[in-house]
Each structure stands twice: as C-alpha cells, then as structure tokens.
Ligand code: CO8
C-alpha cells in the first residue's frame, strides 16, 4: 500500500480505524486528504475481516472544514465541470457501519463529514458548527440537509445563517446529532468498542439495517415500511437467522458466520 500523507490507519480486531492527520491545518479537508480517505474506506469496505469503521481526528480538531486556502481561487466553471465536492461524499456509499469519534472542532465540512457517518460519539470539548456563511459561501455537503434532520429546523437555521452559533457536545447530544458524550481521551476507545460489538453481529443483517435506516431519509413512510418488511423476510434466508434464534432457544451464545 502507498504511504499516506494525510491519514493514519490501523485495524483493531474487526474494526478499521482511520485518523485524519493533518495537524498543521486542524485537519482541514484538502483534496488529497479525500482521495486518501476514499481509498482507505474502500479497502476497509472490501476487507471481509473488517466489520465496522471508525473515523476520528485529533483531540484539537476532528476537522476544521474544507481547506479554505485551497478553495479560495476556484471559480464556478471549474466547480461545475469537475463536480467539485462530488467525490467527497463517497463515504455515504460505504456499506459497513461508520462511527465518527469527534474531538475538538467539527466545523463546516468537518461537521458534514461527521454527519455522513452512521453514529457520532463526541468528546465533551467537541464543537459542531457550520461557519460557511462567514466565508461568503454556504454548506456544500449536507449542512443544510442532514443537519436539519439531526437537530431540527430552528437550530439548523440559526447555525447556518449566523455561522457563529455552534453546538457543544452536550447540546449536540441533547438535539440527537450525537449519540453519546465521553471525556476526550475515551471517545476513540468507546467508538471502537461499539464498532467491535457491531462487527461481531451478522454482517449481512447489519448491512440490511443500515440500508433500511438510510431509506427512511429518502422515501415516504409507507415505502420505507415495505422496504423494511422485504428485508425482514429476506433475513430468514440467512444462516445467521437460524443461528441467532437457535442459540436463543438453546440458551447459548450465538456464533454468527456472516452468511
Ligand atoms: N482551511 C485551511 N486552513 C485552516 C482551516 C481551514 N478550514 N482551519 C484552520 N486552518 C489552519 C489555519 O489557517 C492555521 O494555519 P497557519 O498556522 O498556517 O496560519 C492553522 O490551521 C491553525 O488554525 P488557527 O490558527 O486559526 O487556530 P485557532 O485555534 O486560532 O482557531 C478555528 C481555530 C476557530 C477552527 C479557526 O481555524 C477557523 O475558524 N477555521 C476555519 C473554520 C471554517 O470556516 N470552516 C469552514 C470551511 S468551508 C467548508 O468547510 C465548506 C464545506 C465543503 C464541503 C466539505 C465536504 C466534506
């Protein structure tokens, strides 16, 4: 594998851990970082020994947004021709669960990157915000869409329209954007622990659940319920369903084989 410039990666048990590592710029998300991130995520997604992924940054910053210096001279035609940011949302195509372990700044694209993940755990000093308006732009990767669904209209409007109202980890947890808050040095370990727990459950069923929950953001309730019911029926075609229910009936621990 080629050497990575902007990321550190490791595996812990069945969990793939990616650490954004561009300390000089508070993990500002430059194009090179996204090229590497997409490659690493794809490798983890393709690796059957990995069942879930954790993305983290440093204690100071998850990511302070897209790289403003790299973006400042771009023009409309370039953006349109190259579909600027189009590649930056590949994370949402990853089939395995992705947990964001957020410490410090999650601003602009950093907040959007966290929101592209399936679960967010935060350190108690984390800060979530969408300051784009102060740069004369608007959020470009979900800040006006996923944030509304996570925290509601009033908070999302206030955050995006002022660019200055941020959420602390506690506020983000109360609003539902974040599922749990820990002390900063615990966040990654706790995220890995949850990821490991998920990674040892039936992988095809884990994927079905992720698919079904994501459908709830795309389609009306009746269609979502049909989608869920079809997958529920299909789950009975898996060996893991026989194993899971058999183990319960026999009062023993299930041993899932991901089939
Ligand atoms: N881009 C480029 N460089 C940055 C960025 C950034 N977003 N954020 C910080 N840096 C750099 C600083 O320029 C500084 O570099 P240098 O030492 O060479 O001057 C270094 O990181 C340290 O930063 P500060 O000295 O500013 O540190 P402070 O602790 O004083 O302040 C802040 C921390 C408050 C986080 C401050 O750095 C800041 O306001 N950063 C910009 C935050 C921002 O506006 N983010 C939104 C960017 S726009 C965006 O994200 C569009 C989204 C596009 C979609 C992305 C898809 C996922």
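Structure data summary
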read-out	value
Among (1) farther than 18 Å from residue 88 by Cβ; (2) part of a helix (DSSP H, G or I); (3) more than 11 Å from the ligand (Cβ to nearest atom) - the single one residue 147 does not satisfy	(1)
Counted residues, region 73-132 - those being in a loop (DSSP other than H, G, I, E, B) and more than 10 Å from the ligand (Cβ to nearest atom)	14
Test result for residue 55, more than 12 Å from the ligand (Cβ to nearest atom), closer than 25 Å to residue 150 by Cβ, in contact with a strand residue (DSSP E or B) (Cβ under 8 Å, 6 or more places away or on another chain) and at pLDDT 95 or above	no
Lone unmet requirement of (1) under 17 Å from the mean Cα position of the chain (by Cα); (2) surrounded by 13 or more Cβ atoms within 10 Å (Cβ to Cβ) for residue 213	(2)
Looking only at region 24-33, and only at residues there that are touching a residue at least 12 places away in the same chain (Cβ under 8 Å) and near the ligand (Cβ under 9 Å from one of its atoms), the one that is farthest from residue 123 (Cα to Cα)	30
Among the candidates 141, 150, 156, 195, residue that is touching a strand residue (DSSP E or B) at 6+ places or on another chain (Cβ under 7 Å) and either buried (at least 19 other Cβ atoms within 10 Å of the Cβ) or more than 30 Å from residue 48 (Cβ to Cβ) (or both)	195
In region 34-52, residue farthest from residue 12 (Cα to Cα) [restricted to those that are within 16 Å of the ligand (Cβ to nearest atom) and in contact with a strand residue (DSSP E or B) (Cβ under 6 Å, 6 or more places away or on another chain)]	36
Selected residue (only one of 85, 91, 113 is at pLDDT below 95 and in contact with a helix residue (DSSP H, G or I) (Cβ under 9 Å, 6 or more places away or on another chain))	85
Cβ-Cβ under 7 Å pairs, at least 6 apart or on other chains, region 140-163 side farther than 24 Å from residue 67 by Cβ, far side within 15 Å of the ligand (Cβ to nearest atom) and not in a helix (DSSP H, G or I)	158/165
Conditions (1) farther than 19 Å from residue 26 by Cβ; (2) in contact with a strand residue (DSSP E or B) (Cβ under 9 Å, 6 or more places away or on another chain); number of the one not met by residue 167	(1)
Check on residue 63, within 11 Å of the ligand (Cβ to nearest atom), more than 17 Å from residue 188 (Cα to Cα), touching a residue at least 40 places away in the same chain (Cβ under 8 Å) and assigned by TED's automatic domain parsing to the domain that holds residue 131	no
Complete set of residues in region 34-47 that are without any contact (Cβ under 8 Å) to a residue 12 or more places away in the chain and more than 17 Å from the chain's Cα centre (by Cα)	46
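The values are calculated or read from the model by the stated rules, or taken from the named source; none is laboratory data. Only a predicted model underlies this, so the values are computations on that prediction, with no experimental measurement involved. FYI the Cβ positions are ideal-geometry reconstructions off the backbone, even for glycines, and counts take in every protein chain you see.
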